[in-house]
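Enquirer: Got a structure for you, written out below as structure tokens; questions coming shortly.
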Amino acid sequence: MSDDFHPSPEAAFARGRLLQSQHRMQDAIACYKQALELDAHHTPSFVMLALCWMDDDETAPKSVDAAKRAVALEPENAFARSVLALALNANAKDGQTGAIKEALKQAEEAVGLDPDSDFSHAVLARLHLRLRDFPKAEASARAALALDTENTMAAEVLSAALLLQKKDGDNKDLIRYQLERNADDDSAHTSAGWQAVMEGDHKKANEHFLEALRLNPMNENARMGLIESFRARSWFYRTNIRFCHWMNQFTEGRQNVIMIGGFIGYKVLSGYLKTVAPFWANVVIGAWLVFALWSHLARGFSTFFVTMDRFARQALKPREYWEGVVVGWLIFFSLTALLLGYVYGEAGAGFVALTCLFASVANAAAFTNDHHIGRHVYNIAAAISGFGAVYSGVAIFAHLDLPFADFAGLAALIIGVVITWLRPFRVLYA
């Protein structure tokens, strides 16, 4: 009899692999389930089910269960353990460091079981990258590529690790090699796009990201890069990217030292100038305020202009779209308050401008925070700050005696100031 009448687990699994290679995931899943109905201990089917399920938010929890079943059946199977590491990583939300470290532990065990597995080294590299241990991510990715030069996961992680360490020369060599070897590799075009973004060449970045999406429309990293290339059309945002890229060459601890040192230097200089040259003291204070707020508002303000581009805004997800709308309009209200205050001599205009500006900082932080707890805290803070700024602004410009208007404005201002300190130090922020 043929397999059509009496299918074996191996035949069902082989058909699933073929369908998976054709991106027919639901059909592939059905085949793997069929294989498990025929043999409840068919480890490869559990592994493949985990891989099929982990990239979908709705099915991601099931990927962990499937991978754990595979590891339980074959504890010495390095590939199964690596897939378990990927599944745990896919289910760990930003900020859940303990869960990500558990995934890292599984990846390290997989490498220990099979040091010659390029896949295991690549998975380990991805976990180190997520934990922002860029040197270790680079080392693991290089180990994977030494075993298999065509491992695209390792190449992509290596490119990101080099980029985030500001090793631009090495990254360019890697990208050049990838593109020469395979010009139709979407991950290579994605890496080239990110390098171009960091260099401020938004046109070249746009070309690479569009090509990557043409080759693989499901490449989320390329879609995110395309949005960055649209934002980078603004010199305001390009300057911020270059500053962030310069800071990436330092460890997180050194970045904190630089920020604290810069603040202390600003306080000492402005304090001294107040006694000898008050005008220049005000210039220094103004420059520091612009710098402090610019780093928070550059992305949201640039996204505001993207929302006005009929073509570019199609690449935005709803959350990204509303980030641009809310942050952009709060900045617009701030500038409008200053203008109206100057024209009509409104005494409280400056206060309204400040509350709207700092409310925009709070909202910019909320829209970009993926921390599993912090995002809710920041969302509440942003809502209170935004409402307080608008509420107090209406009271002042409409000359209405609204209850607690001054308190609402002050709350918006304080929340914004607090977030300018919490966000750089990544307090409940990811």
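Enquirer: Any residue in the stretch 176-189 that is farther than 21 Å from GLU138 by Cβ, under 24 Å from the mean Cα position of the chain (by Cα), crowded, with 16+ Cβ neighbours inside 10 Å and among the polar types (S, T, N, Q)?
Expert: No; the residues of the stretch 176-189 include none that is farther than 21 Å from GLU138 by Cβ, under 24 Å from the mean Cα position of the chain (by Cα), crowded, with 16+ Cβ neighbours inside 10 Å and among the polar types (S, T, N, Q).
Enquirer: Can I ask one more? Any residue in the stretch 348-359 that is under 20 Å from the mean Cα position of the chain (by Cα), of a type in the set (Phe, Trp, Tyr) and assigned to a helix (DSSP H, G or I)?
Expert: Within the stretch 348-359, none of the residues are under 20 Å from the mean Cα position of the chain (by Cα), of a type in the set (Phe, Trp, Tyr) and assigned to a helix (DSSP H, G or I).
Enquirer: Now for a separate question. Of the residues that sit in the stretch 129-152 and are over 14 Å from LEU174 (Cβ atoms) and not in a helix (DSSP H, G or I), which one is modelled with the highest pLDDT?
Expert: Among residues in the stretch 129-152 that are over 14 Å from LEU174 (Cβ atoms) and not in a helix (DSSP H, G or I), the one modelled with the highest pLDDT is ASP148.
Enquirer: Out of ALA349, ALA365, ALA312, report the one residue that is more than 30 Å from ASN206 (Cα to Cα) and either in contact with a His (Cβ under 8 Å, 6 or more places away or on another chain) or outside the structural domain of GLY95 (by TED's automatic domain parsing) (or both).
Expert: Every option except ALA349 fails the conditions.
Enquirer: Here's something else I'd like to know. Test of understanding: among LEU104, LEU19, which residue is at pLDDT 95 or above and either in contact with a helix residue (DSSP H, G or I) (Cβ under 9 Å, 6 or more places away or on another chain) or not acidic (Asp, Glu) (or both)?
Expert: LEU104
Enquirer: Give me the residue from the stretch 251-283 that is over 19 Å from the mean Cα position of the chain (by Cα) and under 20 Å from LEU129 (Cβ atoms) and, out of that set, surrounded by the most Cβ atoms within 10 Å (Cβ to Cβ).
Expert: Selected residue: ARG254.
Enquirer: Report, by residue number, each residue of the stretch 153-169 that is in a helix (DSSP H, G or I) and surrounded by 16 or more Cβ atoms within 10 Å (Cβ to Cβ).
Expert: Residues satisfying the conditions are MET153, ALA154, ALA155, GLU156, VAL157, LEU158, SER159, ALA160, ALA161, LEU162, LEU163, LEU164.
Enquirer: State whether the residues of the stretch 395-412 include one that is within 20 Å of PHE301 (Cβ to Cβ) and part of a helix (DSSP H, G or I).
Expert: yes
Enquirer: Look through ASP133, ASP114 and report the one residue that is touching a residue at least 24 places away in the same chain (Cβ under 8 Å) and acidic (Asp, Glu).
Expert: So the residue among ASP133, ASP114 that is touching a residue at least 24 places away in the same chain (Cβ under 8 Å) and acidic (Asp, Glu) is ASP114.
Every residue, every condition in (1) without any contact (Cβ under 8 Å) to a residue 60 or more places away in the chain; (2) within 28 Å of ALA12 (Cβ to Cβ); (3) not charged (D, E, K, R), yes or no:
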| residue | (1), (2), (3) |
| --- | --- |
| LEU49 | yes, yes, yes |
| CYS52 | yes, yes, yes |
| GLU76 | yes, yes, no |
| HIS121 | yes, no, yes |
| ALA139 | yes, no, yes |
| LEU163 | no, no, yes |
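Enquirer: Let me ask another. Got a number for residues in the stretch 176-227 being over 28 Å from ASN240 (Cα atoms), among the hydrophobic types (A, V, I, L, M, F, W, C) and in contact with an Asp or Glu (Cβ under 6 Å, 6 or more places away or on another chain)?
Expert: 1
The values are calculated or read from the model by the stated rules, or taken from the named source; none is laboratory data. On a predicted model such as this, the values are computed, not experimentally measured, just so you know. Every residue, glycine among them, receives a Cβ derived from its backbone with ideal geometry; neighbour counts consider all protein chains shown.
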